[in-house]
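The values are calculated or read from the model by the stated rules, or taken from the named source; none is laboratory data. Predicted model only: the values in this text are computed from it and were never measured. Every residue, glycine among them, receives a Cβ derived from its backbone with ideal geometry; neighbour counts consider all protein chains shown. The protein model used for the area step is the full one, side chains on, heavy atoms only, and it has no ligands, DNA or RNA in it. Shrake-Rupley method; radii C 1.70, N 1.55, O 1.52, S 1.80 Å.
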Amino acid sequence: MNSTVTETANSNAVPFSAITFVPQDPDRAFAVTQNGQLFERDFSNAAGQFTPVSLSQWALPAGATLVSRLIPVRTPDFKLYLLTQNAIGRYDDDGQPITTIHNWPDPNESLMSLVSHPSRDETLFLGTSRGVYLSEDGGANWEQYSRAMPAVPITELSFDQGYLYAATFGRGLWRCKPCPR
């Protein structure tokens, strides 16, 4: 039985570059095209397709060529973070356009992964080509997070049972237990 279905973002076949499901609502998914147009789909409706989210074309910052990640956050309200190689955007699920919340200042450092703290609102961890960074204001400001994390490319970040895990390019898997400030 072949259950493969191909969906495109529009009649011009703009490719999707990232997809994510909402953890508290597994039938709800978001996808984004490489040029920053956000789409939503309700998988409980078998006939449904990805449809554009109102007002949600992200005006990609200068130098950004591809939205590479979508990161859902639901503490306390649903937010969706979008990641390019040099900028972070946010969609607040309120019908407003996606906003750029941070342009990375170093053009030689690439943004690679983003994860939210599971119990601390507005606390985010960012994996870059040079290590891990911490924001405690929803991504507006960042500082190097060196607590037991290497200063190497961080390809993926994840939380499990209170530990922050970092997958690295060539240096293995690292973990630490972030402590409150």
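Within segment 76-97, how many residues are in a loop (DSSP other than H, G, I, E, B) and either free of Cβ contacts under 8 Å to residues at least 40 places away in the same chain or in contact with a Ser or Thr (Cβ under 7 Å, 6 or more places away or on another chain) (or both)?
Step one: of segment 76-97, the residues in a loop (DSSP other than H, G, I, E, B) are 76-77, 84-86, 92-97.
Cutting the leftovers down to either free of Cβ contacts under 8 Å to residues at least 40 places away in the same chain or in contact with a Ser or Thr (Cβ under 7 Å, 6 or more places away or on another chain) (or both) gives us 77, 84-86, 92-95, 97.
Counting residues in segment 76-97 that are in a loop (DSSP other than H, G, I, E, B) and either free of Cβ contacts under 8 Å to residues at least 40 places away in the same chain or in contact with a Ser or Thr (Cβ under 7 Å, 6 or more places away or on another chain) (or both) gives 9.
Do we find that Thr6 is at pLDDT 85 or above and of a type in the set (Ser, Thr, Tyr) in this structure?
Details: at pLDDT 85 or above: no; of a type in the set (Ser, Thr, Tyr): yes.
No; evaluated as a whole, the condition is false for this residue.
Pairs only if they're at least six apart or on different chains, beta carbon under 9 angstrom, first in segment 60-74 and at pLDDT 90 or above, second in a strand (DSSP E or B) and open to solvent by 60 Å² or more (accessible area, probe 1.4 Å); list them, first residue then second.
Every condition considered, the pairs that remain are Leu70/Ile19; Pro72/Phe21.
Could you check segment 163-181 and list, in sequence order, the residues that are over 18 Å from Pro118 (Cα atoms) and modelled with pLDDT under 90?
If the condition is that a residue be over 18 Å from Pro118 (Cα atoms) and modelled with pLDDT under 90, then Phe169, Gly170, Arg171, Gly172 are the ones that fit.
I'd like to verify a number: residues in segment 9-46 that are of a type in the set (Asp, Glu) and either at pLDDT 90 or above or surrounded by 17 or more Cβ atoms within 10 Å (Cβ to Cβ) (or both), how many? Break it down into steps so the answer makes sense when it comes.
Taking segment 9-46 first, the residues of a type in the set (Asp, Glu) are 25, 27, 40, 42.
Narrowing further to those that are either at pLDDT 90 or above or surrounded by 17 or more Cβ atoms within 10 Å (Cβ to Cβ) (or both): 40.
The number of residues fulfilling the criteria is 1.
The conditions are (1) surrounded by fewer than 16 Cβ atoms within 10 Å (Cβ to Cβ); (2) more than 16 Å from the chain's Cα centre (by Cα), and Thr99 fails exactly one of them. Which is it?
(2)
Search segment 21-32 for residues that are charged (D, E, K, R) and pair each with any residue that is surrounded by 14 or more Cβ atoms within 10 Å (Cβ to Cβ) and not in a strand (DSSP E or B) when their beta-carbon atoms are under 6 Å apart and the residues are at least 6 apart or on different chains.
Correct list of pairs: empty, since none qualify.
Given the conditions (1) under 15 Å from the mean Cα position of the chain (by Cα); (2) among the small types (Gly, Ala, Ser); (3) closer than 25 Å to Pro26 by Cβ, and given that Ser135 satisfies all but one, which numbered condition is not satisfied?
For Ser135, the failing item is (3).
Does segment 106-151 hold any residues that are assigned to a strand (DSSP E or B), open to solvent by 30 Å² or more (accessible area, probe 1.4 Å) and of a type in the set (A, V, I, L, M), and which are they?
Once the filter is applied, which keeps residues that are assigned to a strand (DSSP E or B), open to solvent by 30 Å² or more (accessible area, probe 1.4 Å) and of a type in the set (A, V, I, L, M), segment 106-151 yields only Met112.
Write out, first by first residue and then by second, each pair whose Cβ atoms fall under 9 Å of each other, whose residues are 6+ apart or on separate chains, and whose first residue, in segment 99-115, is over 16 Å from Leu66 (Cβ atoms) and hydrophobic (A, V, I, L, M, F, W, C) while the second is part of a loop (DSSP other than H, G, I, E, B) and open to solvent by less than 30 Å² (accessible area, probe 1.4 Å).
Filtered contacts from segment 99-115: Ile101/Gly138; Ile101/Gly139.
Kindly indicate which of Ser158, Ser116, Ser146 is touching a strand residue (DSSP E or B) at 6+ places or on another chain (Cβ under 6 Å), more than 18 Å from Ala87 (Cβ to Cβ) and not hydrophobic (A, V, I, L, M, F, W, C). Talk me through it step by step, then tell me what you get.
On the way: Ser116 fails: more than 18 Å from Ala87 (Cβ to Cβ); Ser146 fails: touching a strand residue (DSSP E or B) at 6+ places or on another chain (Cβ under 6 Å).
Residue meeting the stated conditions: Ser158.
Can you pull out every residue in segment 152-181 that is surrounded by 14 or more Cβ atoms within 10 Å (Cβ to Cβ) and outside any strand (DSSP E or B)?
Residues satisfying the conditions are Val152, Pro153, Pro178.
Gln49 is checked against (1) of a type in the set (S, T, N, Q); (2) open to solvent by less than 80 Å² (accessible area, probe 1.4 Å); (3) in a loop (DSSP other than H, G, I, E, B); (4) more than 18 Å from Leu134 (Cα to Cα) and fails just one. What number does that condition carry?
Gln49 satisfies all of (1) of a type in the set (S, T, N, Q); (2) open to solvent by less than 80 Å² (accessible area, probe 1.4 Å); (3) in a loop (DSSP other than H, G, I, E, B); (4) more than 18 Å from Leu134 (Cα to Cα) except (2).
Identify all residues within segment 144-175 that are of a type in the set (Phe, Trp, Tyr), touching a Ser or Thr at 6+ places or on another chain (Cβ under 9 Å) and more than 16 Å from Ser110 (Cα to Cα); write none if there are none.
At the first step, the residues of segment 144-175 found to be of a type in the set (Phe, Trp, Tyr) are 145, 159, 163, 165, 169, 174.
From what's left, touching a Ser or Thr at 6+ places or on another chain (Cβ under 9 Å): 159, 165, 169, 174.
Once the filter is applied, which keeps residues that are of a type in the set (Phe, Trp, Tyr), touching a Ser or Thr at 6+ places or on another chain (Cβ under 9 Å) and more than 16 Å from Ser110 (Cα to Cα), segment 144-175 yields Phe159, Tyr165, Trp174.
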